[in-house]
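Comments concern the structure below.
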Amino acid sequence: MKLEMRKFRLKSYIYAALIANAVIFILMCTFSLNAEMRENFPIMNYESMFSVLDLLVRGTYIIFAAVLLARLVVEEFRSKSITVLFMYPINRKKLMAAKLLVIILFIFLADVLTNLVVGLGFYIFNQFASVITEPLTLFLVVKTLVTIIMSAVATSFLSLIPLYFGMRKHSVAATIVSSFLVVMIVCQTVDGFSLYSIVAIPVGMALLGAAIAYLSIRNVERDDVLN
């Protein structure tokens, strides 16, 4: 994992995540102040605010994960530069597992921290804008923290689904495009209802992402993986 983080300079992705935090915060403030936007993204209380925030963060980091997958995995197989890594005295499966673990941990931490930082930022913003008049209770804070962690775990694994499409033809474009399809499934809402609210959906997709990661690690030993 240290090798991967040094090789791809993950600091640049951390900076990108910080920029994403700023953009999400601005969007949250805009949604709360604009009457027309509030019809599509209702922020009437803190519970709905955290729900909208989680929606934006989830969509952002699923696409972010696809970029990481494209750069750390798919592009190396496409250009066959992965063969250089395979010359190291390290098991191929461990190398592949390390790449995916870096992405999973990055997305999990980024998801949690973004929810916390932007949520706190919006709370401070609300003290001046008074968009939400009801108080923020300790019960809601605890409930939201649990939800954030569970959602981040699901997002970090289901964001691996685009890896399946990217590895079929070693296509960076397929990896990115398929991530948008995943976002449409888990982030689309109709009259306040979202498929993601059905527990079986995020759990099932997270398991699917984990299965794809496992198969990718297992198949890396195959000779035709670089063809």
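Of note:
- Residue in the stretch 30-38 that is of a type in the set (Val, Ile, Thr), open to solvent by less than 30 Å² (accessible area, probe 1.4 Å) and modelled with pLDDT under 90 present: no
- Screening 131, 117 for residues that are part of a helix (DSSP H, G or I) and either among the aliphatic types (A, V, I, L, M) or open to solvent by 80 Å² or more (accessible area, probe 1.4 Å) (or both) leaves exactly one candidate, 117.
- Here the condition is being under 22 Å from residue 61 (Cβ atoms), of a type in the set (Val, Ile, Thr) and out of contact with any His (no Cβ under 9 Å at 6 or more places or on another chain); of 142, 183, 131, it holds for 183 alone.
- Test: residue in the stretch 84-104 that is hydroxyl-bearing (Ser, Thr, Tyr) and assigned to a helix (DSSP H, G or I): no
- Criterion: open to solvent by less than 50 Å² (accessible area, probe 1.4 Å), modelled with pLDDT of 90 or more, out of contact with any Lys or Arg (no Cβ under 6 Å at 6 or more places or on another chain) and not small (Gly, Ala, Ser) - qualifying residue of 55, 95: 55
- Screening the stretch 166-203 for residues that are over 16 Å from the mean Cα position of the chain (by Cα) and open to solvent by less than 40 Å² (accessible area, probe 1.4 Å) and picking the one that is modelled with the lowest pLDDT gives 194.
- Cβ-Cβ contacts under 6 Å between residues 6 or more apart (or on different chains), taken from a first residue in the stretch 49-70 that is over 11 Å from residue 176 (Cβ atoms) to a second residue that is of a type in the set (Asp, Glu) and open to solvent by less than 10 Å² (accessible area, probe 1.4 Å), are listed as 57/111; 61/111.
The values are calculated or read from the model by the stated rules, or taken from the named source; none is laboratory data. Predicted model, so just to flag it, every value in this text is computed and none were measured. So basically every Cβ, Gly included, is an ideal-geometry build from the backbone, and we count neighbours across all protein chains shown. Note: accessible area is taken over every heavy atom of the protein model, side chains too, but ligands, DNA and RNA are not part of it. Shrake-Rupley method; radii C 1.70, N 1.55, O 1.52, S 1.80 Å.
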